[in-house]
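Data first, discussion second: the structure below is written as structure tokens.
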Amino acid sequence: MFVLTGAGVSAESGIPTFRGVGGLWRNYRIEEVASPAAWARDPRLVWEFYSMRREVASAAKPNAGHAALADLERRLGDRCVLCTQNVDALHEQAGSQRVLHMHGELFKSRCDRSADPGTGGRRGCSRPPFDDRSKYDGGAELPVCACGGLIRPHICWFGEIPYEMDRIHRELERCTVFVAIGTSGVVHPAASFAGLARERGARTCYIGPDAPANTPLFDQVFPVKATELAGCLAVESQAIRMDERGR
Ligand code: NAD
């Protein structure tokens, strides 16, 4: 089973979604805080934005949806792949151990002269991404690497290539059930994953209160909130067991 989660899974934990009312981005223009051009123009503003997001995410606790997905991993083991567009750490806090963070991780930073995790392209600095919960706002000094580069958030910005894409494509090719949860189906490439899985014969379903923009790619839609998803996952796990018996 391939599970793709989006901002909706963390909404009931108090982390606003991208497009929802009161969304995190309301006071910021995306292109001014979440792109390589923004970083080149005003790294202080970028760090102010991500410091605010670290603050919000630090206060959040995993909800029943995160718990149900951790439980699914315990039951299915490596037959379950959890890929998230979320940059918070709530899946890990709930107990998920093998999370693919395709858009990066809020509580990690890296040198802006180190290799690009999306392209693998080498740059001057060999320091890998590292855990970092610090906030760099309100006039704080911007963090600098020993090599002289600036430390940036370990986040895939607009215009950059998402992380772990080779592994994600391999898993999409072999999954028999694809489940998307709490994602609007607008942000690519994640919005195309359901179609890729379906072309390879997987059954596809969506769990979330609003129909996503890519609804036609799903065989079934469960119109429930993330905290109510355990029942839907039970249906999909059953489909996996039936599929395995049929082989
Ligand atoms: P989105 O904001 O575009 O869409 C959120 C989706 O969640 C909507 O379809 C909405 O109907 C649904 N939703 C709202 N409440 C829900 C609930 N209680 N249960 C289930 N679903 C619910 O989010 P996206 O599609 O993930 O894309 C947004 C981008 O912004 C991503 O790239 C992501 O990295 C980033 N983002 C991440 C976080 C986070 O890390 N928690 C938060 C906001 C944005």
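Every number in this text was worked out from the coordinates using simple rules, so none of it is lab data. Since the structure is predicted, the reported quantities are computational estimates derived from the model, not experimental observations. Quick reminder, even Gly has a Cβ in these numbers, built from the backbone with ideal geometry, and neighbours come from all protein chains shown.
Data table
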{"item": "Sites matching trypsin sites (Lys or Arg not before Pro) across the stretch 180-228 that sit in DSSP coil, with at most 16 neighbouring C-beta atoms within 10 Å", "result": "Arg200"}
{"item": "Residue among Gly182, Gly120, Gly195 with the largest mean-square fluctuation in a Gaussian network model of the chain, springs linking Cα atoms under 10 Å", "result": "Gly120"}
{"item": "The chain: calculated mean residue ellipticity at 222 nm from DSSP helix runs of at least 4, using -39500 (n - 2.57)", "result": "-9500 deg cm²/dmol"}
{"item": "Cβ-based exposure ranking for Glu12, Glu73, Glu32, in which fewest neighbours within 10 Å come first", "result": "Glu32, Glu12, Glu73"}
{"item": "The chain: antiparallel DSSP beta bridges as a percent of all, rounded to 5", "result": "25"}
{"item": "Net charge of Cβ neighbours under 10 Å - reference Leu233; Lys, Arg +1; Asp, Glu -1", "result": "-1"}
{"item": "The stretch 111-176: chymotrypsin sites (Phe, Trp or Tyr not before Pro) falling in loop per DSSP and having at most 15 other Cβ within 10 Å", "result": "Phe158"}
{"item": "Top positive-direction residue, dipole computed over the stretch 97-159 with Cβ charges, set Ile151, Pro129, Leu106", "result": "Pro129"}
{"item": "Distance between modelled label sites at Ser35 and Ser134, nm, 7 Å Cα→Cβ extension", "result": "2.8"}
{"item": "Cysteines without a disulfide-compatible neighbour (Cβ-Cβ under 4.7 Å), the chain", "result": "Cys80, Cys83, Cys156, Cys175, Cys205, Cys232"}
{"item": "Order of Ile155, Ile30 - criterion: other Cβ atoms within 10 Å of each residue's Cβ, fewest first", "result": "Ile30, Ile155"}
{"item": "Under 13 Å, Cβ to Cβ, from Lys61 - net charge with Lys/Arg +1 and Asp/Glu -1", "result": "-3"}
{"item": "Mean shadow area of the stretch 20-130 over all directions, Cα convex hull, nm²", "result": "8.5"}
{"item": "Counted charge near Cys147, where neighbours are those whose Cβ lies closer than 11 Å (Asp, Glu -1; Lys, Arg +1)", "result": "+2"}
{"item": "Two-decimal ratio, the chain, of alpha-carbon radius of gyration to 2.2 N^0.38 Å", "result": "1.03"}
{"item": "Förster radius 35 Å - calculated FRET efficiency between Val186 and Leu76 (Cβ-Cβ, nearest 0.05)", "result": "0.75"}
{"item": "Relative exposure of Asp219, Asp166, judged by other C-beta atoms within 10 Å (fewest first)", "result": "Asp166, Asp219"}
{"item": "Rounded to 5, the percent of DSSP beta bridges in the stretch 121-247 classed as antiparallel", "result": "10"}
